[in-house]
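Worksheet for the structure shown next.
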Amino acid sequence: MGADNSAHRTFKARSGENDSGETSLPSTEDDTNVANELVDYLNKSWTQFHATEESCKLLLDAGFQKLSEREEWALEPGGKYFFTRNMSTVVAFVLGQKYEPGSGFNIVAAHTDSPCPKLKPITASTAAGFQKVGVQTYGGGLWHTWFDRDLSVAGRVLLRGEDGRLAHKLVRVDRPILRIPTLAIHLDRTVNSDGFKINTETQFAPVLCTSIKAALDGHSEKEDGDDKESSKAQHHPLLLSILAEELDCQPADIAEFELNVCDTQPSVIGGAANEFIFSGRLDNLCMSFCALKAMIEAVETRGLEDESRAMMVALFDHEEVGSDSAQVLALPPFSRPPTSRRQAPPPQGCAHSVRFPLHAPPSRTPITYPLHMRLRCIDKARSCHLSSACAPCLCNSRHLPHPSHRRPLAVCPLTGACSLARGVH
């Protein structure tokens, strides 16, 4: 009985509820532990592919079973499952012990992708003796922030095996190999008065190396008709060699890739009082991590004995470019929840399940900027510790605190998101 009481107290403490049922602030130790876990998750999740891989590791460590969409599912009440799509979308769900086909779903949805420059299908470009890498912008990014950064590449590579079969492998080059230099003030005198303006097609290609240095190191440009060498006409040999070194293969084995340009500066906890997380990709990896963490902890602390619904966390790709592909929100698996499709008697069970969902899309919506107070998103924004996580008000698609919440949704950017996700269950 002592162990049960301890677990109950732990859950109440982490969810912000004290013994009298009133809301209280989580402990500093809890905040620090979860924040450190988030920073570790961010540092391992350079791309949507790596974020999906790390999410799967969290689920496997928590006892979830991986499913394949190519096979029929034998689902059981009390089971914990997940599946992936395109290596960039992951959907995890738990069935309560009292779950029956046709029961509803409690869903928290986020996304694994973030704005970034992506390498073009043909990246090789040279100007004035410098080798450049062609990129295209993905999502709604602040592109001027990518200048003068220590950049690298990460993503998914398609490798050609000895038997001719193709295989996907993830790659990440930790060292800085790319740079987008800012034009010197001597050549752009009006930049401070007129603003930083760039042409992302002609002025945004990262510099890889000098052509002379590449040639001296044996990475000269080659042109021949061999199929295995065709990629060298599309990409600089040095870039392919770097990828091959990371993948422990030959450059000729690289058939294709989908790579993001990434900042090598690691995510850290900072601020004079260590209350901030300095990182890119917080939109929306922060919510992705919190949603997974919340569901895993909810199952561990509360159990599934009295649960009649299905809990689900869906982390989608391509949200930044419209959510209109086979692995995102607008299409299956989200429009037809996987448990109902695989388990419920069609069509009544599936239709009944979809009619009774509870969907919470947590968002990293900016509410207050200390240097731009006139641009506050709401008239009476709370302090940053009380207003960093919010639920979109779906009636007008605006990211504002929902009027039904009489108390703050968050006590800090991280724990608030976890509390919001836990509350869905």
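Scanning segment 282-304 turns up at least one residue that is in contact with a Gly (Cβ under 8 Å, 6 or more places away or on another chain), of a type outside the set (S, T, Y) and farther than 18 Å from Y41 by Cα.
Being outside any loop (DSSP other than H, G, I, E, B) and not hydroxyl-bearing (S, T, Y) is true of L42. The residues of segment 188-212 that are in a helix (DSSP H, G or I) and in contact with a strand residue (DSSP E or B) (Cβ under 9 Å, 6 or more places away or on another chain) amount to a single one, S211. Reported count of residues in segment 288-317, each being crowded, with 22+ Cβ neighbours inside 10 Å and closer than 17 Å to E53 by Cβ, is 10.
Just one of the listed residues (V191, V171) is of a type outside the set (K, R), in contact (Cβ under 8 Å) with a residue 12 or more places away in the chain and not assigned by TED's automatic domain parsing to the domain that holds T47, and it is V171. For K120, all conditions in the list (1) out of contact with any Gly (no Cβ under 7 Å at 6 or more places or on another chain); (2) within 21 Å of Q48 (Cα to Cα); (3) surrounded by fewer than 17 Cβ atoms within 10 Å (Cβ to Cβ); (4) not hydrophobic (A, V, I, L, M, F, W, C) hold save one; what is the number of the exception? Unmet condition: (1). Of the residues making up segment 217-248, those that are at pLDDT 95 or above and either of a type in the set (G, A, S) or in a helix (DSSP H, G or I) (or both) are P237, L238, L239, L240, S241, I242, L243, A244, E245, E246, L247. Inside segment 58-114, residues that are more than 30 Å from G280 (Cα to Cα), part of a strand (DSSP E or B) and out of contact with any Gly (no Cβ under 8 Å at 6 or more places or on another chain) make up a count of 1.
Only a single criterion out of (1) in contact with a strand residue (DSSP E or B) (Cβ under 7 Å, 6 or more places away or on another chain); (2) in the same structural domain as Q203 (by TED's automatic domain parsing); (3) surrounded by 17 or more Cβ atoms within 10 Å (Cβ to Cβ); (4) of a type in the set (A, V, I, L, M, F, W, C) is not satisfied by F93, namely (2).
Among the listed residues S45, S20, S15, S27, which satisfies the condition of being in the same structural domain as L285 (by TED's automatic domain parsing), surrounded by 13 or more Cβ atoms within 10 Å (Cβ to Cβ), of a type in the set (G, A, S) and modelled with pLDDT under 90? Before you say what the answer is, go through the steps one by one.
Working: S45 fails: modelled with pLDDT under 90; S20 fails: surrounded by 13 or more Cβ atoms within 10 Å (Cβ to Cβ); S27 fails: surrounded by 13 or more Cβ atoms within 10 Å (Cβ to Cβ).
From the options S45, S20, S15, S27, the qualifying one is S15.
Which one of these is assigned to a strand (DSSP E or B) and either in contact with a Leu (Cβ under 6 Å, 6 or more places away or on another chain) or under 26 Å from L159 (Cβ atoms) (or both): L292, L315? Checking each option against the conditions leaves just L315. Scanning segment 131-139 for residues that are at pLDDT 95 or above, under 21 Å from the mean Cα position of the chain (by Cα), not assigned by TED's automatic domain parsing to the domain that holds S220 and not aliphatic (A, V, I, L, M) turns up nothing.
The values are calculated or read from the model by the stated rules, or taken from the named source; none is laboratory data. This is a predicted model, so every value here is computed, not measured. Backbone-built Cβ (ideal geometry, glycine too); neighbour counts: all protein chains shown.
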